[in-house]
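Here's the structure we're looking at; comments come further down.
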């Protein structure tokens, strides 16, 4: 009923009256930076020489804001800012815990590296048609997904991410790109509709969209509302977004079609947002439903692992091969969610950090290989060790890391995950995790032998073991080509040799997902 003009309504209990501390604006700074940056780059898109400078400037600001936010969350715990002065659950909240903060930071670093790499990889035409505005909008969607505390806003940020990724996917308007875009768009549209249906259903039974409010009220609804059905819809929607079995065929059909820097961004970031959303909903909002679905989730993880590893082993196109490696990594992360213990979830977070770095770097290094050999087929690659021993070394590090071999970043999450599986008596799951690592090693070893160890492409003079002529300087990768990849490879090495800080961050993130009491307290001020 509307209030009478002679009886003013007291809103003090439902509105924030005190000003927000300056440091707390870091909660929304990453999304503000990316949206503003995209708008400014869009307005100046015709100035193709200015585009990279502006884009990289805003990406540097994004990384700085992400690092500041991560440091503040590490010091104070989860942080919340509510829009429009209305208190939760009425106001739309941005809530940042350790998992969201660290994934946003790693995503920002990867985007900055790709922005620098794109200076040479993206031509003037693609700049004019919006590469840098789309890149910044993509990061707005990715970052917003990691930082939002409202499940409908998660849907909104997913839409921002999908729209901008579609724009990046079709830059160039080639037939192959359009074909890949149709597959990509159809499956993502289906997943988005499932997400929206589940969210509407959840709002209908709970009366709230705030994730902290859902986490504290959903347990009381399990006897009167179809919570398992809603959780199943979310699981299906986010599994499709993450390219899990059996709805993963869109990924290798789409990721090989765009510019290589776009493929690198997609491989590093998009499926990890799906994994993050799956972990946030199943572990924090619907843990009892996850317990009922555990066997199904484990089988999805195993079949995703096998599909990715065997698919990679069967490919002759290296772009498609790397797409299947993305899928194999998703299987490992779903295994961590399915097991659900703090140890397994921390391994999932560590694996997500590792996969963002490694898969991005692999696609970027493939771009250099393709430029040197003018082919992305295994039979067309060869002689790359002579072209650049540094390139060969960087690729070898990434090959060992993505296979889960020491002493690089992929080793530790694999060990922690296998240990967690054995402790929960999922011995066969641990066996499949190790088998996937073996198959990945074989697939990457084949690429190494044919692209680097072999003296030249199939059918060249290398066939009778004679040395090929030395490559001309123009055929060798430049420092500007290798620089962005080297940054990511160095992080892969550091996280492998000195894993303790990452393990501590991942453990804190896992604890926050499994026990959301500090997350809820951040939103509502005190436990209720």
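Quick check on the range 152-205: what are the equivalent-ellipsoid semi-axes from the Cα gyration tensor, as sqrt(5λ), descending, whole Å?
Values: eigenvalues 156, 26, 3 Å².
The answer is 28, 11, 4 Å, longest axis first.
Mind running the shape call on the range 60-195? Use the C-alpha gyration tensor, a ≥ b ≥ c as the square roots of the eigenvalues: rounded below 1.5 for a/c, prolate if a/b tops b/c, oblate otherwise. Numbers along the way, then the final one.
Values: a/c = 2.69, a/b = 1.48, b/c = 1.82.
Here the range 60-195 falls in the oblate category.
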Once normalised by the length of the chain, the mean sequence separation of its alpha carbon contacts under 8 Å that are 6 or more apart gives a contact order in percent of 15
Options [x] 23, 56, 18, 2, 0; [y] 20, 50, 24, 6, 0; [z] 18, 38, 28, 15, 1 are given for P(r) over Cα pairs in 20 Å bins from 0, in percent, and the computed one is [x]
Correct semi-axes for the range 120-262, from √(5λ) of the alpha-carbon gyration tensor and rounded to whole Å with the largest first, are 34, 17, 10
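Can you check how the C-alpha radius of gyration of the range 216-360 compares to 2.2 N^0.38 Å, as a plain ratio? Write down the numbers at each step before the final one.
On the way: Rg = 15.6 Å, N = 145, 2.2 N^0.38 = 14.6 Å.
Its radius of gyration relative to the 2.2 N^0.38 Å reference: 1.07.
Over every pair of different alpha-carbon atoms in the range 286-341, take the mean of 1/r and invert it; report that Kirkwood radius in Å.
Working: mean 1/r = 0.0857 Å⁻¹.
Radius from the Kirkwood sum: 11.7 Å.
Quick one: pull the percentage of alpha-carbon pairs in the range 29-134 with a separation above 22 Å.
Values: 2268 of 5565 pairs.
For the range 29-134, the share of Cα pairs beyond 22 Å comes to 41 percent.
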Take each of the peptides 264-277, 360-373, average the number of other beta-carbon atoms within 10 Å over its residues, and list them starting from the highest.
264-277, 360-373
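When the expected Rg is taken as 2.2 N^0.38 Å, what fraction or multiple of it is the alpha-carbon Rg of the range 242-322? Walk me through the numbers on the way to the answer.
Working: Rg = 14.5 Å, N = 81, 2.2 N^0.38 = 11.7 Å.
Taking the Cα Rg and dividing by 2.2 N^0.38 Å, one obtains 1.24.
First obtain the Kirkwood hydrodynamic radius of the range 345-443 from its Cα pairs, then insert it into the Stokes-Einstein equation at 37 °C and 0.692 mPa s, and state the resulting D in µm² per second as a whole number. List each step's numbers first, then the result.
Numbers: Rh = 14.8 Å.
The estimated diffusion coefficient comes to 222 µm²/s.
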Can you work out D for the range 118-192 in µm² s⁻¹ from Stokes-Einstein, where Rh is the Kirkwood radius over C-alpha pairs, the temperature is 37 °C and the viscosity is 0.692 mPa s?
249
Calculate how steeply helix 342-373 sits against the longest principal axis of the alpha-carbon atoms of the chain, using the helix alpha-carbon long axis, and give the answer as 0 to 90 degrees to the nearest 10.
40
Can you order the peptides 67-75, 25-33, 435-443 by their average number of other Cβ atoms within 10 Å per residue, highest first?
25-33, 435-443, 67-75
Using Cα-only point scatterers and the Debye equation, what is log10 of I(q)/I(0) for the range 189-248 at each q in 0.21, 0.24 Å⁻¹, rounded to two decimals?
-0.80, -0.95
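I want to verify the translational diffusion coefficient of the range 316-397 in µm²/s; compute it with Stokes-Einstein, Rh as the Kirkwood radius over Cα pairs, at 20 °C and 1.002 mPa s. Please report the intermediate quantities before stating the final value.
Numbers: Rh = 14.2 Å.
After rounding, the answer is 151 µm²/s.
Which peptide among 509-522, 416-429, 130-143 comes first, and what is the full order, when sorted by highest mean count of other Cβ atoms within 10 Å? Intermediate results must be reported in sequence, preceding the final value.
Values: 509-522: 20.7, 416-429: 18.4, 130-143: 27.3.
Final packing ranking: 130-143, 509-522, 416-429.
Would you compute, from DSSP H runs of 4+ residues alone, the mean residue ellipticity of the chain at 222 nm, taking -39500 (n - 2.57) per run and dividing by the full residue count, rounded to the nearest 500? Spell out each step's value before the answer.
Numbers: 23 runs with 356 residues, N = 528.
After summing the helix terms and dividing by residue count, I get -22000 deg cm²/dmol.
FYI, it's all coordinate maths here, none of it is from the lab. The structure displayed is predicted, hence computed values, not measured ones. We place every Cβ from the backbone using ideal geometry, glycine too, and count neighbours over all the protein chains shown.
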